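The values are calculated or read from the model by the stated rules, or taken from the named source; none is laboratory data. Keep in mind that this is a model prediction, so the values were computed, not measured. FYI the Cβ positions are ideal-geometry reconstructions off the backbone, even for glycines, and counts take in every protein chain you see. Only protein heavy atoms, including side chains, enter the accessible area calculation; ligands, DNA and RNA are left aside. Shrake-Rupley method; radii C 1.70, N 1.55, O 1.52, S 1.80 Å.
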Amino acid sequence: MKKSKINGHGHLLPEPHQIPQFMKAKKLFWIDEDKKFMRQGNWARPITAPSFFLKEKLEWMDKNEIERTVILNLSQLYCNGLTLEDTKDAIRFQNDFNAEVQRNHPNRLTCGFVVQPRYIDFALAEIERCVETLGMSVLCLPTHFINAEGKWTSVADDSVLPIYDLANHYGLAIEIHPYDGQKMIQLEDTYWRFHLVWMMAQTADTLHLYTLKDIPNRFPNIRTCFAHGCMLGQANLGRRVQGFNGRPDLFPNTQHPQASVGHPNLFFDTLVHDVYTFQLLKNRCGVAQIIAGIDDPYPLGEMEDVPNSYPGKVLDEAVAHGMITINEQEEIWHDNVLRWLGTASNK
């Protein structure tokens, strides 16, 4: 029997009336009443698809025969650079909203929760609350955050290890996702360069440190997925190996870059946009470490309202090119997502 489809990378907006007034008053995040734009401070982004919202999301899933979606947190609420008070307010709102969505639709939506690593004590307390009180099991982390000294820091930094230790205790799935590239890199934000180029660099950078520091083996009960296939991280392996072998003095007490390739607790989603990049991902990491990810309903996701795009396109093309079998395609859509989530026994 054909297995159901599980989308391991989706997003959801609250309805405008569900966002507390203080979020708009503090300019943390809000949505126009006509649902045309999402806003934060002086930033605004058009809401490009009805399925940003719950009712339409479920209808979109039905239309595309997707049984379940993993809803990640909103990148706009990573809270980089915010005060502790504002961070607490924004993150608790986001996590409470996602928890309610999951509670009301447990068979359709598995929702993630987010913490801000700068405020480690609050982050640890929020993980405990989200797991033990809200019943959540997917921890969302940014690739980078602004630390207490005001410096951009990878989420693989040693200061974040207590988060991985607690996540390991709870056996959580982790999603690492990039954002805020334009705040890190002093370049003009033209031609969508931070979403199209620098997001890929952010994810590759954190994979670099995450694996050198042997986090997958030090914390064996967590299963980590890197967004967008960590496509630059796949292409960059050879250069990392060359650097490690050529200048070992720069890598004290670290693991060789090849040691983590194909690690059973490292996953990558399918949102790489072209079949030959997918082939590299498959050859590098193995089919078992790839999960289906649409990144809906953003226009950089596999959305049917974008020309020459639709949910699952790259997987269909991989089958058509003989890169994977139909059975492997079903594993990517189903079994592998469940293993990442830690619910593989519920197939």
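Computed quantities for the displayed model
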{"quantity": "Solvent-accessible area per residue, Å², over the range 222-347 with all protein chains present [probe radius 1.4 Å]", "calculated": "43"}
{"quantity": "Computed Kirkwood radius, in angstrom, where 1/r is averaged over Cα pairs of the chain", "calculated": "20.4"}
{"quantity": "Among beta bridges that DSSP assigns inside the range 10-142, antiparallel share in %, nearest 5", "calculated": "45"}
{"quantity": "Residues of type lysines that Lys5 reaches as a straight line, Cα spacing below 22 Å, ignoring anything fewer than 8 places off in the same chain", "calculated": "Lys55, Lys57, Lys63, Lys282, Lys313, Lys347"}
{"quantity": "Fraction of antiparallel bridges per DSSP, the chain only, in percent to nearest 5", "calculated": "25"}
{"quantity": "Spin-label pair His321/Asn42, simplified geometry with 7 Å Cα→Cβ offset, distance in nm", "calculated": "4.3"}
{"quantity": "Positive-end residue of Ile71, Trp60, Pro264, charge dipole of the chain with Cβ unit charges", "calculated": "Pro264"}
{"quantity": "Relative packing of peptides 125-138, 22-35, 243-256, 267-280 - highest average C-beta neighbours within 10 Å first", "calculated": "267-280, 125-138, 22-35, 243-256"}
{"quantity": "Mean ellipticity per residue at 222 nm, deg cm²/dmol - from DSSP H runs of n ≥ 4 across the chain, formula -39500 (n - 2.57)", "calculated": "-10000 deg cm²/dmol"}
{"quantity": "The range 75-227, relative contact order [Cα under 8 Å, separation at least 6], %", "calculated": "22"}
{"quantity": "For a label point 7 Å along the Cα-to-beta-carbon line of Arg193, residues of the range 211-247 with backbone N under 14 Å", "calculated": "none"}
{"quantity": "The chain, relative contact order [Cα under 8 Å, separation at least 6], %", "calculated": "16"}
{"quantity": "Sites Asp165 and Asp32 - FRET efficiency at Förster radius 35 Å, r taken between beta-carbons, to 0.05", "calculated": "0.25"}
{"quantity": "Environment charge at Thr203 (Cβ cut-off 12 Å; Lys +1, Arg +1, Asp -1, Glu -1)", "calculated": "-3"}
{"quantity": "Farthest toward positive dipole pole in the chain [+1 Lys/Arg, -1 Asp/Glu at C-beta], among Gly171, Thr254, Gln186", "calculated": "Thr254"}
{"quantity": "Residue (of Phe226, Asn245, Val160) at the positive-pole extreme of the chain, dipole from beta-carbon charges", "calculated": "Asn245"}
{"quantity": "Charge dipole magnitude, Cβ of K and R +1, D and E -1 - the chain, Cα centre, debye nearest 20", "calculated": "320"}
{"quantity": "Cut-off 15 Å between beta-carbons: net charge of the residues surrounding Gly135, Lys and Arg +1, Asp and Glu -1", "calculated": "-3"}
{"quantity": "Computed over the range 14-145, the ratio Rg/Rh where both radii use C-alpha atoms and Rh is Kirkwood", "calculated": "0.96"}
{"quantity": "Size of electric dipole in the range 192-347: Cβ of Lys, Arg +1 and of Asp, Glu -1, about Cα centre, debye, nearest 20", "calculated": "800"}
{"quantity": "Protein accessible area in the chain, 1.4 Å probe - carbon and sulfur %", "calculated": "50"}
{"quantity": "Rough spin-label spacing in nm, given labels placed 7 Å along Cα→Cβ, for Glu149 and Lys55", "calculated": "5.2"}
{"quantity": "For the range 148-273, size of Cβ-based charge dipole, Lys and Arg +1, Asp and Glu -1, in debye", "calculated": "320"}
